[in-house]
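The block underneath contains the structure these notes are about, expressed in structure tokens.
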Amino acid sequence: MSEEIKGIEQQEFMRGFTRLCDDGWLQGWHERNGGNLTYRMKAEEVEACKPFFKEPGEWVNMGVQADNLRSEYFVTTGSGRYMRNVQGDPAHNVGIVEINEAGDSWRIVWGLEDGAKPTSEFPSHFLNHSVRVEATNGADRVIYHAHPDNVIALTKVMPLDAREFTRALWKAMTECIVVFPKGVGVVPWMVPGGADIAHATSELMKTFDAAIWAQHGMFVSGPDFDLTFGLMHTIEKAAKIHGQALAMNNCSGDFMNTITDQGLRDIARDFGLTVNEDFLD
Ligand code: 13P
Ligand code: ZN
């Protein structure tokens, strides 16, 4: 491995990026090449990495466009690459791409060695970044897609409705409403990897920082790697608890004990949360 590549791999943001990939793998959310991760770099991080960039590749049109991401730089996992391999060899499994001035194309400036390309879900990541930049005044930088088992299983047996999913997850575990007070969106089953699912998901990301993809997985957004991973982890754990409780209760959601809507309002009051009121009775 060359000194140049080591330079970028040792940057703080790259260590956070590769650690998240490994954490997700250890949770079992990334069978084969399943799941992907992108990070919108800070200006000072781009500057620190520029001396190590390679001759840029060709511009590749994404089929989507965002004015507020013109000339930005993203770290992205590679399409077809495995999360379990990222930490051991970032340069082959991860890359840095530059966005053109029109905000509609990328080119590789580091990594993705031996012909790798950004994740096939890059259009979804890109539009999600765009709406989350807008929604959070630039605070959100991380978009994470995983295939968590229990969330996917629930999409087989529950109505594909944001209110139904959010209420079930909020009531599964007391601190859920603190972690995702806006709730979770739900995208119906769609063909992955293109502009249509990217538009459908980013529309929901205007309201939510998590969107479930029916029979596929979930997208989450956050300002840093810990909060973004923590959001995925919390929702997946709540889905597991809800699914187990349903199985223990003859598949009925009419539980002997649960958190009431008043209980949820009381948490919101004491924790100073701005809760999605539409999702409370
Ligand atoms: P990539 O290997 O292209 O990232 O695709 C994996 C995936 O999860 C598609 O939804
Ligand atoms: Zn996927």
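The values are calculated or read from the model by the stated rules, or taken from the named source; none is laboratory data. Source: prediction; values computed, not measured. So basically every Cβ, Gly included, is an ideal-geometry build from the backbone, and we count neighbours across all protein chains shown. Accessible surface is based on the protein model in full, side chains and every heavy atom, while ligands, DNA and RNA are left aside. Shrake-Rupley method; radii C 1.70, N 1.55, O 1.52, S 1.80 Å.
Details
- Helix 195-205 axis, angle to the chain major axis (alpha carbon atoms, nearest 10°): 60 degrees
- Region 12-52-region 243-258 distance, computed between alpha-carbon centres (Å): 37 Å
- Å² per residue, accessible surface of the chain at 1.4 Å: 46 Å²
- Distant alpha-carbon pairs in region 101-180 (separation over 17 angstrom), percent: 68 percent
- Distance between region 116-141 and region 175-205 - C-alpha centres, whole angstrom: 12 Å
- When a 1.4 Å probe is rolled over the protein heavy atoms, the share of accessible surface on the chain that falls to carbon and sulfur comes to 48 percent.
- Under 16 Å between alpha carbons - lysine pairs in the chain that sit 8 or more apart or on different chains: 9
- Over the chain, relative contact order from alpha-carbon pairs under 8 Å, at least 6 apart, %: 18 percent
- Computed over the alpha-carbon pairs of the chain, the distance histogram in 5 Å steps reads 1, 6, 13, 17, 18, 16, 11, 8, 5, 3, 1, 0, 0 percent, short to long.
- Structural descriptor for region 38-185: relative contact order 22 percent, calculated from alpha carbon pairs under 8 angstrom and at least 6 residues apart.
- Size descriptor, Kirkwood hydrodynamic radius, that averages inverse alpha-carbon separations across region 238-278, Å: 11.9 Å
- Mean separation of Cα contacts under 8 Å (6+ apart) over length of region 160-221, as relative contact order %: 32 percent
- If R0 equals 45 Å, the separation of the Cβ atoms of ASP266 and VAL46 corresponds to a calculated FRET efficiency of about 0.50.
- Only Lys, Arg, Asp and Glu carry charge here, each on its Cβ (+1 for the first two, -1 for the last two); on that basis region 52-121 has a dipole of about 220 debye about its Cα centre.
- Only Lys, Arg (+1) and Asp, Glu (-1) charged, at Cβ; the chain dipole about Cα centre in debye: 480 debye
- In the chain, the longest principal axis of the Cα atoms and the axis of helix 225-248 are about 30 degrees apart.
- Residue among ASP104, ASP270, ASP261 with the largest mean-square fluctuation in a Gaussian network model of the chain, springs linking Cα atoms under 10 Å: ASP270
- Here the gap between ASN257 and ARG107, fully extended at 0.36 nm per residue and compared with their Cα-Cα distance, gives a gain of 48.6 nm.
- Top of TRP25, TRP59, TRP213 by mean-square fluctuation, Gaussian network on the chain, Cα under 10 Å: TRP59
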